[in-house]
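Following: one structure in structure tokens, then a few remarks.
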Amino acid sequence: MSAAVTMPGPCRFEEGGRRLVLDSPTAMPNASTFLWNRRMLLQLNCRGYATAQFMQPEPAKYAHAPVLEAKTFMQPEQPYYAHHPGRFCYVRDEENGALFSAPYAPVNRTPESFAFSVGLADARWTVRCDGIEVELGVSLPPDEVAELWTLRVRNVSGRRRRLSLYPYFPVGYMSWMNQSGAYRPDLGGIVCSSVTPYQKVADWFRQREFKDLTVLLHERVPDAWEAQQSAFEGAGGLHAPDAIVLRETLAGGDALYETPAAILQYRVFLEPDGVEEFRFLFAPAHDEAEVAALRARHLSAQAFAAAAEAYDEYLQDARGCLRITTPDPWLDAFANHWLPRQVFYHGDSNRLTTDPQTRNFLQDHMGMAYLRPATARAAFLHALAQQEPGGAMPDGILLVEGAELKYINQVPHTDHCVWLPVFLQAYLDETGDASLLREVVRDRTGEDADVATRLDRAMRWLLAQRDGRGLSWIAQGDWCDPMNMVGWKGRGVSGWLSLASAHALRLWAGICARHGREAEAAEFEAGAQAFNAAMNRHLWDGDWYGRGITDDGVAFGVHVDGEGRIYLNPQSWAMLSGAADEAKRTRLLAAVDAQLVSRWGVAMLDPPYTGMREDVGRLTQKFPGSAENGAVYNHAAAFYLHSLYHVGEADRAWRTLRAMLAGPDAQDCVQRGQLPVFVPNYYRGAWRLHPRTAGRSSQLFNTGTAAWLYRCLVEGLFGLRGEGDGLRIAPQLPSHWPRAQALRRFRGAELEVEIERVAGVAAPRVTVDGQLLEDGLLRTVEAGRRYAVRVDLPA
Ligand code: CEZ
């Protein structure tokens, strides 16, 4: 993927990497971006399809409520657009009836020009058809549930034009109980209503404050409107709706227990170069008073500008702690703007759930330690307050009053304690805030214990959850949710978790040792060694580590398996935990290279399962090459990346890292279908079985990958990791990079870092403000100071 041989793709960065522009609606048809605030989320794809959700306080929808709500609210890789949820504007030429729509769907006419321009705080399309340029843009206010839309139409045809514009916001099937829609001149828009069904009386009292209205409010009074989807579509369908193609004027209809839609019509006359501008608000509301308030607060040019300014302010903390300049400008744009934004989204919105999985919560806040450490600290303490008396961590962390553990969080998983020291190591390195260890946390039984004591208990819990062989029971899952039937009878064990426990114990032992807790340090170091020894005894398979041993005593993820022969996670964590000595490390790296590495990244297992394996579980039912069944599951690839930096495998690490990011090569962009504005949870694997779909992005931006990838960039690739009171400087650039630069913000100081390969240098040589650092450790870092760091690397 070197820059020299790439063909420029259909997308490019602009404005110093702060915008990404895709210039085709069809080259990467599912390419998407997302906008969010603390209360809502909006995912948009390049053709105008969109899904939104908001918190009340559980996730809810105000358009296209799916009949069955899955654990993850969307799987955008699937053709959700078959139900056409989206935000569109039809444009009809009143003289000749010619029709197109912006951004692209539902008419799907090939535009003369097209740009899907994705910003950090907005998305907009500029589309030209028949000499008419339509610009459609959306942004969100920082803390309210509302989409703010701007429509601008410009006549670039050089002659006078008479047009009808039809903003079209489908609301879709909302409820089997009750749904309707009508134009409300008094409220200034179309108001659709539905009733969230309930059966248990108690639910009513939770639901009666729900926002069951969906409104499309306008600034400018339209000439006509329609509120019923099927009346609008008629026999022509959305592609050529009867209400547009057969009639001059929308009929002003309503929806009476019929599927609602919000459609407005504006007649405009445009002189050559004439422009018309419109603003709309699309949002849920509880009642008419709230609708009126939304309109009063937001529907003006000034209010839109104020919301944009407030949102920019909100994003200040999403800037991250690293600014880089490297030979790879796409990596620079991604690392400087988009990845920290994605990390911040996770940490500040908690994926818009009220009961995040404990491991997700802790890893997401590990990422937040680099952006806004106070939030990470508070989250950690909040999680620890839910520790059980025996030391175990619950499956999910309840975030609001009345929240419950739902869906996957009702399934017993055994790995949650592991993430406590993983978080702590990153947090302490980044902040030096050792006071956290002495912070007293009251749990739900009312018991007070400090963080260090609670960590001891969590580690002892991991040590207690071992079978006779000394391996960790898996129950109905570990990090891998769908690995639910390895140990459901109570005997199966997880090789990965045994290694992860060893790593966690060792991290905690190290922290204890540095803070004068020698006895605990020795206890936990011994525990780590016991786990490692058990793994080497029972699950070293000759060339790599097995993934586990089932209830019936069958080792899996081993060379005799036809499917699921090798799993990535045990290899990564064996390098982290120290289970793998140098000889084993050489062998397992070779096995990973031979069996799991592809141009799309490193797969999570191989070969993918092609049918249910009842002693592994529902993972094996997933489509081969998708998600945990052999995709390039980036979260797992990020663990691998972290372990590669841990053992100093800079070039392997670079290839693993760069494969997570699409482009700039055209074919790579098109095959993945992923814009380099977020790292998706997976790219399809199964390149031998299904080469056609290999590499295709899941388009899912909820993923622990973001935090790990950011950590790896800061601490691995650029090697700028906190240590005690100082900063360890040990970059691991790929060997083909002659130089790189970074600006690192660290504990209130700024370090300008120049890294260069220099002929004749035998070992890395670090100077700070001209002073040589023998061991690469800058011992103290003063807040408010600027440091000039220079690293000479061997050529
Ligand atoms: O969920 C993620 C979980 O949120 O999958 C990871 C796990 O570590 C995260 O905690 C690996 O299993 O089938 C499933 O239940 C899957 O596990 C998914 O729900 C998966 C989603 O795709 C979200 O990325």
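None of the figures in this text is laboratory data; all of them are computed from the coordinates on show. Bear in mind the structure is a predicted one, so any value in this text is a computation, not a measurement. Glycine also receives a Cβ, built like all others from the backbone with ideal geometry; neighbour counts cover every protein chain displayed.
What is the order of Thr326, Thr110, fewest Cβ neighbours within 10 Å to most?
Placing the least packed residue first, the sequence is Thr110, Thr326.
Whole Å is fine, so just give me how far the alpha carbon centre of region 773-795 lies from that of region 86-133.
Computed from Cα coordinates, the inter-centre distance equals 52 Å.
Find how many whole Å separate the alpha carbon centroid of region 371-396 from the alpha carbon centroid of region 274-314.
Using only Cα atoms, the two centres lie 37 Å from each other.
Which one, Gln410, Met612, Ala522, is farthest towards the positive end of the dipole of the chain when Lys and Arg carry +1 and Asp and Glu -1 on their Cβ?
Met612
Taking the Cα centre of the chain as origin and charging only Cβ (+1 Lys, Arg; -1 Asp, Glu), how large is the dipole, in debye to the nearest 20?
Working: 82 positive and 95 negative charges, 216 e Å.
The calculated dipole for the chain is roughly 1040 debye.
Dipole size in debye (nearest 20) for region 101-203 around its Cα centre, Lys and Arg Cβ +1, Asp and Glu Cβ -1? Don't skip to the end; give the middle numbers.
Details: 11 positive and 10 negative charges, 132 e Å.
Using Cβ point charges on Lys, Arg, Asp and Glu, region 101-203 gives about 640 debye.
Among the chymotrypsin sites (Phe, Trp or Tyr not before Pro) in region 108-186, which ones are in a DSSP loop with at most 12 other Cβ atoms within 10 Å of the Cβ? Mind listing them?
On the way: sites: Phe114, Phe116, Trp125, Trp149, Tyr168, Tyr173, Trp176, Tyr183; in loops: Tyr173, Trp176.
Loop-located and lightly packed - Trp176.
Please order Val616, Val275, Val781, Val153 by the number of other Cβ within 10 Å, starting at the fewest. Write out the running numbers ahead of the final one.
On the way: Val616 26, Val275 14, Val781 18, Val153 23.
Ranking Val616, Val275, Val781, Val153 by Cβ neighbours within 10 Å, fewest first, gives Val275, Val781, Val153, Val616.
How far is it, in nm, from the label point at Val411 to the one at Gln741 when both lie 7 Å from their Cα along the line to the Cβ?
Label-label distance for Val411 and Gln741, simple model: 4.9 nm.
Could you rank the peptides 85-92, 288-295 by their average count of other C-beta atoms within 10 Å per residue, with the highest value first? Mind showing how you got there, number by number?
On the way: 85-92: 24.0, 288-295: 16.4.
Sorting 85-92, 288-295 by mean packing, highest first, produces 85-92, 288-295.
What are the lysines whose alpha-carbon lies under 25 Å from the alpha-carbon of Lys622, with same-chain residues fewer than 8 places away excluded?
Lys71, Lys406, Lys489
Quick one: compute the contact order of region 427-546, relative version, from alpha carbon pairs under 8 angstrom and 6+ residues apart, as a percent.
Working: 138 pairs, mean separation 21.1, N = 120.
Over region 427-546, the number comes to 18 percent.
Pairs of Cα atoms under 8 Å, at least six residues apart: use those to get the relative contact order of region 31-315, whole percent.
19 percent
In whole percent, what relative contact order does the chain give with Cα contacts below 8 Å and a gap of six or more residues? All intermediate terms of the calculation are to be shown ahead of the outcome.
Working: 1839 pairs, mean separation 82.6, N = 795.
It rounds to 10 percent for the chain.
By how many degrees, 0 to 90 and rounded to 10, does the Cα axis of helix 568-577 deviate from the longest principal axis of the chain?
Value to nearest ten degrees: 50.
Please find the FRET efficiency linking Asn536 to Ser175, where r is the Cβ-Cβ separation and R0 is fixed at 60 Å, and quote it to the nearest 0.05. Mind dumping the intermediate values first?
Numbers: r = 57 Å, r/R0 = 0.96.
Here the calculated transfer efficiency is 0.55.
Cβ neighbours within 10 Å, averaged per peptide: list 601-607, 432-438 in order, most packed at the top.
601-607, 432-438
So how far apart, in nm, are the two label points at His559 and Ala762 if each is 7 Å from Cα heading toward Cβ?
Calculated label separation equals 4.0 nm.
Angle, helix 451-464 long axis vs. longest principal axis of the chain, Cα atoms, 0 to 90°, nearest 10?
That works out to roughly 80 degrees.
Using θ = phi - 60° and the Karplus form 6.51 cos²θ - 1.76 cosθ + 1.60, what ³J(HN,Hα) does each residue of region 681-698 get, whole Hz, x for Gly and Pro?
5, 7, 10, 4, x, 6, 5, 7, 7, 10, x, 4, 9, 4, x, 5, 6, 6
In region 710-795, what percentage of the DSSP-assigned beta bridges are antiparallel, given to the nearest 5? Write down the numbers at each step before the final one.
Values: 21 of 30 bridges.
Rounded to the nearest five, the antiparallel share is 70 percent.
Can you give the FRET efficiency to the nearest 0.05 for Ala306 and Arg18, using r as the Cβ-Cβ distance and R₀ = 22 Å? Present the calculation step by step, with values, prior to reporting the outcome.
Numbers: r = 21 Å, r/R0 = 0.94.
My answer for the efficiency is 0.60.
For the Cα atoms of the chain, what angle does the longest principal axis make with the long axis of helix 419-431, in degrees from 0 to 90, nearest 10?
Rounded to the nearest ten degrees, it is 90.
Calculate for the chain the 222 nm mean residue ellipticity that helices alone would give, adding -39,500 (n - 2.57) per DSSP H run of length 4 or more and normalising by residue count, nearest 500 deg cm²/dmol.
Values: 19 runs with 208 residues, N = 795.
Calculated at 222 nm, the ellipticity per residue is -8000 deg cm²/dmol.
Among 639-650, 589-600, how do they line up from the highest to the lowest mean number of other beta-carbon atoms within 10 Å? Please list the in-between numbers first.
Numbers: 639-650: 22.1, 589-600: 17.9.
Averaged packing, sorted descending, gives the order 639-650, 589-600.
Taking the Cβ of Val677 as the center, what net charge do the other residues with Cβ under 10 Å away carry, scoring Lys and Arg +1 and Asp and Glu -1? Before the final figure, lay out the partial values.
Values: positive: Arg19, Arg341; negative: none.
Around Val677, the surrounding residues sum to +2.
Given the options Pro170, Val195, Leu213, identify the residue whose Cα lies farthest towards the positive end of the charge dipole of region 166-218 (+1 on Cβ of Lys, Arg; -1 on Cβ of Asp, Glu).
Ranked along the dipole, the leading option is Val195.
On alpha carbon coordinates alone, what is the Rg over Rh value for region 475-522, Rh being the Kirkwood radius?
Numbers: Rg = 14.7 Å, Rh = 12.2 Å.
Taking Rh as the inverse mean 1/r over Cα pairs, Rg/Rh reads 1.20.
Mind checking the full-extension length gain between Phe205 and Asp433? Use 0.36 nm per residue of separation minus the Cα-Cα distance, one decimal, nm. List each step's numbers first, then the result.
Numbers: separation 228, 0.36 × 228 = 82.08 nm, distance 4.38 nm.
Length gained, Phe205 through Asp433: 77.7 nm.
Treat the count of other C-beta atoms within 10 Å as a stand-in for reagent exposure and order Asp122, Asp143, Asp478 from fewest to most. Can you show the working numbers first?
Working: Asp122 18, Asp143 12, Asp478 29.
Exposure proxy ranking, most exposed first: Asp143, Asp122, Asp478.
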